[in-house]
Amino acid sequence: AQKITQTQPGMFVQEKEAVTLDCTYDTSDPSYGLFWYKQPSSGEMIFLIYQGSYDQQNATEGRYSLNFQKARKSANLVISASQLGDSAMYFCAMSVGYNKLIFGAGTRLAVHP
Amino acid sequence: GAVVSQHPSWVICKSGTSVKIECRSLDFQATTMFWYRQFPKQSLMLMATSNEGSKATYEQGVEKDKFLINHASLTLSTLTVTSAHPEDSSFYICSGTSGDETQYFGPGTRLLVL
């Protein structure tokens, strides 16, 4: 069965520090995509970063990087130099067949000054 | 990045009425659009997938006669909640993709059925 697991319901980080949000996935399909989305309290889903299953290098987008460990089936999001505006829910997702997305339960990140 | 809009952002209606939610891709052609539902403090659950000009594909457990989806053009998809009841109160959010794997989401619609 295809599944995304986010084991951290909540995380705290000090402003300007780095934080890692965990995500593990399960699929038997050799071709898949992994995504991270940010959902602030307003509800919109903001696309952050994408990693394809065949990509050799870890994806990076500004302060966001995806630590892709294929053998361990993990796709952790690393946010460097946290900002107060990073406080939000973060969802890991996997695309399976016909671009359908399966989401994890989410991690609520709180950035403290 | 790609922009998706949704209208309305908030709707309150009486039980038994129907509500239509519009999802528009503003700067790209969305060959495929997806509709999700999110209950408070929960994750997004896919309701259906629609391709322009064809019937939507519904996920298991989603009533297609209750949640009518129309994807009449490459920039517009609509979700109609027919005969809404209080248990349909939720956050409905759409997304669009132009062919690559990345889905771009609208801002969502909060539905409250009284």
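The values are calculated or read from the model by the stated rules, or taken from the named source; none is laboratory data. Bear in mind the structure is a predicted one, so any value in this text is a computation, not a measurement. Because the Cβ atoms are built from the backbone with ideal geometry, glycine has one as well, and the counts that use them run over all protein chains shown.
So how many residues does the stretch A:1-18 have that are within 13 Å of the chain's Cα centre (by Cα) and more than 20 Å from B:S43 (Cβ to Cβ)?
Here the count works out to 0.
Output the number of residues of the stretch A:64-87 satisfying the condition of being touching an Asp or Glu at 6+ places or on another chain (Cβ under 7 Å) and over 14 Å from A:L34 (Cα atoms).
4
Looking only at the stretch B:41-62, how many residues end up being within 12 Å of chain A (Cβ to nearest Cβ), modelled with pLDDT under 90 and either in a loop (DSSP other than H, G, I, E, B) or within 19 Å of A:A88 (Cβ to Cβ) (or both)?
1
Could you tell me which residue of the stretch A:20-55 is farthest from B:G108 (Cα to Cα), considering only residues that are surrounded by fewer than 19 Cβ atoms within 10 Å (Cβ to Cβ) and of a type in the set (A, V, I, L, M, F, W, C)?
A:F47
So is A:F68 farther than 26 Å from B:G108 by Cβ and either surrounded by 14 or more Cβ atoms within 10 Å (Cβ to Cβ) or in contact with a Pro (Cβ under 6 Å, 6 or more places away or on another chain) (or both) or not?
Working: farther than 26 Å from B:G108 by Cβ: yes; either surrounded by 14 or more Cβ atoms within 10 Å (Cβ to Cβ) or in contact with a Pro (Cβ under 6 Å, 6 or more places away or on another chain) (or both): yes.
Judged against the criteria, A:F68 is a match.
Looking at B:Y36 and the list (1) in a loop (DSSP other than H, G, I, E, B); (2) under 17 Å from A:N99 (Cα atoms), which single condition is not satisfied?
For B:Y36, the exception is condition (1).
Do you know which residues across the stretch A:84-97 are surrounded by fewer than 12 Cβ atoms within 10 Å (Cβ to Cβ) and at pLDDT 95 or above?
A:L84, A:G85, listed by residue number.
Can you spot a residue in the stretch B:74-90 that is in contact with a helix residue (DSSP H, G or I) (Cβ under 9 Å, 6 or more places away or on another chain), part of a strand (DSSP E or B) and more than 14 Å from every other protein chain (Cβ to nearest Cβ)?
Within the stretch B:74-90, the first condition is being in contact with a helix residue (DSSP H, G or I) (Cβ under 9 Å, 6 or more places away or on another chain), and the residues that meet it are B:81.
Those left that are additionally part of a strand (DSSP E or B): B:81.
From what's left, more than 14 Å from every other protein chain (Cβ to nearest Cβ): B:81.
Looking through the stretch B:74-90, at least one residue is in contact with a helix residue (DSSP H, G or I) (Cβ under 9 Å, 6 or more places away or on another chain), part of a strand (DSSP E or B) and more than 14 Å from every other protein chain (Cβ to nearest Cβ).
For the stretch B:27-58, give me each residue that is exposed (fewer than 13 other Cβ atoms within 10 Å of the Cβ), farther than 28 Å from A:T107 by Cβ and among the hydrophobic types (A, V, I, L, M, F, W, C).
None; the set is empty.
Test B:V19 against the stated conditions and say whether it is surrounded by 15 or more Cβ atoms within 10 Å (Cβ to Cβ), of a type in the set (A, V, I, L, M) and more than 23 Å from A:F91 (Cβ to Cβ). Give the derivation first.
Values: surrounded by 15 or more Cβ atoms within 10 Å (Cβ to Cβ): yes; of a type in the set (A, V, I, L, M): yes; more than 23 Å from A:F91 (Cβ to Cβ): yes.
Here the answer is yes, as B:V19 does meet what is asked.
For B:G99, which of the numbered conditions (1) surrounded by 13 or more Cβ atoms within 10 Å (Cβ to Cβ); (2) within 13 Å of chain A (Cβ to nearest Cβ); (3) closer than 19 Å to A:K100 by Cβ fails to hold?
Among (1) surrounded by 13 or more Cβ atoms within 10 Å (Cβ to Cβ); (2) within 13 Å of chain A (Cβ to nearest Cβ); (3) closer than 19 Å to A:K100 by Cβ, B:G99 violates only (1).
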